[in-house]
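Heads up: the structure comes next, in structure tokens.
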Amino acid sequence: MIRDVQPSFMLSHSQYDPYNTDHMYATQVALETRMIAQAWGHNPGQKVLGAPQLYLFEPHQTEQMGWKPDIFLDITSVWEKKRAAIECMEGQEHLWEFYTRVAQNRANHFQRNSGGQSGGRAAKYAEGFQSVFPRTVDEL
């Protein structure tokens, strides 16, 4: 299926999570299926997957997960939709404001680090991601 879709990136949970072992398992499955989709010897004749980045997302308890973001994405333009989605988690009402504060704090990280690719602009809300694989660039 991954070969059929040919994603430009993949997204999963942190690699370590002592509170949600299904999150760790989902990330392991993402890593394994990405590897198989890249293998030339698997189903010869099928279009082989390139090397999409696997981004890991962790909205809270980052210290316990060993999660360290290296990418910040401005989500200000879609924040209202994200907040509405968060509010669909009725059993996690206690996290609604927490996730809002996390997004605001990550926007601070975005702004303080946006002098490079983002031109030094501000953001009101942002998300952080940790990339698993090295990124290749033509210039720094």
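The values are calculated or read from the model by the stated rules, or taken from the named source; none is laboratory data. As the structure is a prediction and not an experimental result, all values here were calculated from the model. When we count neighbours, we look across all protein chains shown, and the Cβ atoms used for this are built from the backbone with ideal geometry, even at glycine.
Those residues that are under 21 Å from Phe129 (Cβ atoms) and of a type in the set (Asp, Glu), I need them from the stretch 4-51; list them, please. Within the stretch 4-51, Asp17, Asp22, Glu32 qualify. When residues in the stretch 121-136 are screened for being modelled with pLDDT under 95, basic (Lys, Arg) and in contact with a helix residue (DSSP H, G or I) (Cβ under 9 Å, 6 or more places away or on another chain), 1 of them pass. Restricting Arg3, Arg34 to residues that are assigned to a helix (DSSP H, G or I), without any contact (Cβ under 8 Å) to a residue 60 or more places away in the chain and more than 17 Å from the chain's Cα centre (by Cα) narrows the list to Arg3.
Among the residues of the stretch 6-20, just one is farther than 15 Å from Thr62 by Cα and either free of Cβ contacts under 8 Å to residues at least 24 places away in the same chain or buried (at least 18 other Cβ atoms within 10 Å of the Cβ) (or both), namely Met10.
Pairing residues of the stretch 94-120 that are modelled with pLDDT of 85 or more with residues that are surrounded by fewer than 14 Cβ atoms within 10 Å (Cβ to Cβ) and acidic (Asp, Glu), at Cβ distances under 8 Å and at least 6 apart in sequence or on separate chains, gives Trp96/Glu87. With respect to the conditions (1) closer than 27 Å to Ala122 by Cα; (2) among the aliphatic types (A, V, I, L, M); (3) at pLDDT 95 or above, Ala30 falls short on a single one, namely (1). Here Trp79 meets the list (1) at pLDDT 95 or above; (2) closer than 25 Å to Tyr125 by Cα; (3) not assigned by TED's automatic domain parsing to the domain that holds Asn105 almost entirely, failing just condition (3).
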